[in-house]
1. For the structure I just gave you, tell me whether A:F216 is surrounded by 12 or more Cβ atoms within 10 Å (Cβ to Cβ) and assigned to a helix (DSSP H, G or I).
2. Among the residues of segment A:15-59, how many are part of a helix (DSSP H, G or I) and within 36 Å of the chain's Cα centre (by Cα)?
3. Go through (1) within 14 Å of RNA strand B (Cβ to nearest atom); (2) out of contact with any helix residue (DSSP H, G or I) (no Cβ under 8 Å at 6 or more places or on another chain) one by one and return the number of the condition A:T290 breaks.
4. Please verify whether segment A:441-450 includes one or more residues that are more than 7 Å from RNA strand B (Cβ to nearest atom), of a type in the set (V, I, T) and touching a Lys or Arg at 6+ places or on another chain (Cβ under 9 Å).
5. With the condition being farther than 30 Å from A:R153 by Cα and modelled with pLDDT of 90 or more, I'd like the strands (runs of 3 or more DSSP E) fully within segment A:250-310 carrying at least 3 qualifying residues.
6. If you scan segment A:322-338, which residues turn out to be within 16 Å of RNA strand B (Cβ to nearest atom) and over 22 Å from the mean Cα position of the chain (by Cα)?
7. Hey, among the residues in segment A:192-210 that are out of contact with any Gly (no Cβ under 9 Å at 6 or more places or on another chain) and farther than 24 Å from A:E256 by Cα, which one's modelled with the lowest pLDDT?
Amino acid sequence: MTPAQLSATIVDALSTLVDQGALTLPDGVPAEVTVERPRQKGHGDYATNVALQLAKKAGTNPRALGELLAERLREADGVGDVEVAGPGFLNVTVEAGAQGRVAAEVVAAGTAYGHTDTLAGQRINVEFISANPTGPLHLGHTRWAVLGDAIGRVLSAAGADVTREFYINDRGVQMTRFAESIVAAALGEPTPEDGYAGGYVEDLARAVGEAQPGIFDLPAEERVAAVREVGYRLQLKDQQDQLESFHTHFDVWFSERSLHDGGRVPQTLQRLKDLGHVYEQDGALWMRTTDFGDDKDRVLIKSDGELTYFASDTAYYLDKRGRGFDHCIYLLGADHHGYVGRLRAMAACVGDDPDRTLDVMIGQLVKIMRDGQELKLSKRAGTIVTLQELAEEIGVDALRYSLARYPADSPLVLDVAEITKASNDNPVYYVQYAHARTCRMVENATDLGMALPGDDFDPSLLVHERDGQLLRALAEFPRVVASAAELREPHRIARYLEDTASVFNKWYDTKECRMLPQGDEPVTATNLARLVLVVATRTVFANGLGLLGVTAPERM
RNA sequence: GCCCCCGUAGCUCAGCUGGAUAGAGCGGAAGCCUUCUAAGCUUUUGGUCGCAGGUUCGAGUCCUGCCGGGGGCGCCA
């Protein structure tokens, strides 16, 4: 019995009571009720606070309602015992057979276990990283890479139709500064003011020269334009390669330039004018975002005739909506939080309800420490900590996992020594090791000729307390995934996996729960039932790690 | 000055969107390998949930104010 099934059982019991006239609920019977795993031993396998929540509406007190409901629930299929406790909690014990059946359900679902349809029908665009193509990806981008990718995976698992998108800021003065910096490096001149410094610029200068010999001998203006294009392609390719090897895949690489090539920006401006949210002042064109809660109005066309970044943003948003996305998620760093207000106001200006179509996530910054010293990441000073360096030193799995296990809005301090440790100190290896352990156990079972039972699987043989704990942990997985998707919080998956790995390891160390027969003992039905449990556990570890983009090794 | 985020064990952080006696890992202390992977398990140490009010059956969680830390407030990109 899963929490969802128990919830449905309780709803049925409430309906029965209402039908019998034993209970009156003015607002009707709730569609589902909260079922929790009690923290405290002795509070049953599951607990519900439904009596506390409904008592007032039903015109009775929680304990009386609890007793009424408990009586009905005790007769339900799969329910063992029900106790009314404390102010009116119902503590439910599930029958071993009903509990054990979860293992077979997990095995039957396989790679689909944990998937739900809670977000079915939603078309969601997840935009993340969106770095300028003027340098390598660094630590900050790395966090968004992990979170954006994991959010994409989790949303898909919850049934949404997801597109992961990278917006390339390939238009604007920074591209020219980028080109000028490469030229300066090639000619051995100092980095121009507001230019880009660092070893990677020199590497790029060399690569640009190799890609197009003679490029630095062109006349100055022509040279900058040519270097800009070659440097851009090389740098973008570098970012793309880095992300692919970091297991972060994008469905769409969207060029800001392409937005302008298609004439969509003037169309956007015209649409805004038609909607009456645009005005001219001091020679510039403004969007009246203050109509929708922004602090101040925003410029779309500067008085020198140049379009602002915000104009592109607006056109880009409309492009996404035009491509059929009903929900646009943006992952931005805390240093961009000032954009939230204007993005929301902009969506409202084009006639959308930002509460429905926009979801701007602000992630806090990451610090990384080595030997008690913070590794600084200043592009200007040329001391950037790149994604590539981090992935090489820490390992893709450990780096991804270490960043995925914290919520985006929590400021983060990572210690290189701690997350590179290949031991149980490191949660990623703890979970991976537990997975590898299940794999080895299944191999051993196969070697002994044990076959996964089908119809002859007897779930009621999984009666040990540890069996129950593990089964209940496995039964949690789908709702962990669903809440991770709904809240856009993939760290919940990681925390869940750590808890479940701990439960599994304790189960494994329990002598009474051995899966394999000892010595020459024959294989019993209990051994086979535990094999189902192990395969189910392996399935959950593999699926969960997959949602975080972390591999699930079979041996360690 | 205004806006956003954070404040929980010595350290790094969870806390299931208001539930029962606040948790995990690391660090410190002590144990457990002749049989499924010891990258594991067991025991132990450790708290004014920043402070003060409020909301209610019930607050780490919600509201208000204050204190402390980080970030942001361009016709930059």
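The values are calculated or read from the model by the stated rules, or taken from the named source; none is laboratory data. Fair warning: this is a prediction, and the values are worked out from it, not measured in the lab. Ideal geometry is used to build each Cβ from the backbone, glycine not excepted, and the neighbour counts take in all protein chains shown.
1. Details: surrounded by 12 or more Cβ atoms within 10 Å (Cβ to Cβ): yes; assigned to a helix (DSSP H, G or I): yes.
In short, yes.
2. Just the residues of segment A:15-59 that are part of a helix (DSSP H, G or I), to begin with: A:15-19, A:50-58.
From the residues that got through so far, the ones that are within 36 Å of the chain's Cα centre (by Cα) too are A:50-54.
Matching residues across segment A:15-59 total 5.
3. (2) is the only condition that A:T290 fails.
4. Checked segment A:441-450: at least one residue is more than 7 Å from RNA strand B (Cβ to nearest atom), of a type in the set (V, I, T) and touching a Lys or Arg at 6+ places or on another chain (Cβ under 9 Å).
5. Working: elements: A:252-255, A:278-281, A:284-287, A:298-301.
Passing ranges, in order: A:278-281, A:284-287, A:298-301.
6. As a first pass, look at segment A:322-338 and keep what is within 16 Å of RNA strand B (Cβ to nearest atom): A:327, A:329-338.
Passing the criteria: only A:G338.
7. Restricting attention to segment A:192-210, the residues satisfying the condition of being out of contact with any Gly (no Cβ under 9 Å at 6 or more places or on another chain) are A:192-195, A:202-203, A:206, A:209-210.
Keeping just the survivors that are farther than 24 Å from A:E256 by Cα gives A:192-193, A:202-203, A:206, A:209-210.
Details: A:P192: 91, A:E193: 85, A:E202: 93, A:D203: 94, A:R206: 97, A:G209: 97, A:E210: 97.
The qualifying residue modelled with the lowest pLDDT is A:E193.
To keep it simple, each residue is scored yes or no on (1) under 37 Å from the mean Cα position of the chain (by Cα); (2) assigned by TED's automatic domain parsing to the domain that holds A:E443.
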{"position": "A:G519", "(1), (2)": "no, yes"}
{"position": "A:T524", "(1), (2)": "no, yes"}
{"position": "A:R530", "(1), (2)": "yes, yes"}
{"position": "A:V534", "(1), (2)": "yes, yes"}
{"position": "A:T537", "(1), (2)": "yes, yes"}
{"position": "A:A542", "(1), (2)": "yes, yes"}
{"position": "A:A552", "(1), (2)": "yes, no"}
{"position": "A:M556", "(1), (2)": "yes, no"}
